[in-house]
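Every read-out reported here was derived from the displayed coordinates using simple, explicitly stated rules and does not represent laboratory data. As the structure is a prediction and not an experimental result, all values here were calculated from the model. Cβ placement follows ideal geometry from the backbone for every residue including glycine, while neighbour counts extend to all protein chains displayed.
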Amino acid sequence: MIRGLIVVVCGLMMMSCGRPVAIPPAAPLPAATLMPTPTPSLSVAPPTSPRDTPADSGWIAAAPGAEVRRLRADLGGGVTAQVSVVRLDPARVSFQVGYAPDTPHTLTTWADSVGAIAVINGGFFDAQNRTVSLLVTGGQAVGESYSGRGGMFSVTPDGAVNLRGLAATPYDPSEPLAEALQGWPLLVQPDGVAAYGFEDSDRSRRSALALDHAGRVLLIASSSATFTLAGFSAWLAGSDLEIDAAVNLDGGSSTGLLLAGAEASERVESFVSLPIVLLALPR
């Protein structure tokens, strides 16, 4: 009888090995790669208790042109989400898209490679770490632009920043860009209104790139698997961050944000090495 029990247990173990990680269903999309990078269940740290951090730290100066704010977003029903926001002044900080599909890096390695003060994970990529949308890095375009959907953060050769919806303002290959990064979906339209309302109940770690009404760049990351995309869109539009436009970046285990300031710092660690990032460098 004992021998039979061992056989049954071993059989169950063999059935469980190699089981693929289930990816929650999402809205019908043209490309399956637009799902957040799945977070390995064994790597997820327990969420921080709401009692461990203040509801709102307020803006904290971190370095010239860089501030950080830590928020506890109340999503109703006793559900909260931890959100970290880095606010950057384009007059004092420059931006660069990092792309290394053959050798993805950690946040720290990316920052150290160019002396960046802040880094956030980029857009979606495939199983070979290749971008599934358009990137522009050092004036060179890589990949194909989203068409009729998503959004794009861009930097002109003279350093001006912009964030637009690609349905309303498609990418033109002839436009001069020094840097560009695309994401999906557009979360806040360029008038401060929530842009995504499809509720699929898929809660995940989230990251976003935004511009506020004063033209400052916001790097936003939520370390807890709490927001749905629709909920993230609604919260960003309704927050007091004064967001003019925002686009979603790759979430799940890719969500990562690093700020290395002399006066303050912040880190939301990604669970995987990143082939695409946006870097902020002191001018």
Distribution of pairwise C-alpha distances over region 52-282, 10 Å bins, in %
8, 37, 40, 14, 1, 0
Take the alpha-carbon centre of region 122-152, take the same for region 212-227, and report the distance between them in whole Å.
20 Å
With +1 at each Lys and Arg Cβ and -1 at each Asp and Glu Cβ, the charge dipole magnitude of region 152-283 around its Cα centre, to the nearest 20 debye, comes out at 260 debye
Write out the GluC sites (Glu not before Pro) in region 176-283 meeting two conditions: DSSP loop, and at most 16 other Cβ atoms within 10 Å of their Cβ.
E199, E242, E263, E269
In region 196-283, the chymotrypsin sites (Phe, Trp or Tyr not before Pro) that fall in loop regions by DSSP, at most 10 other Cβ within 10 Å:
none
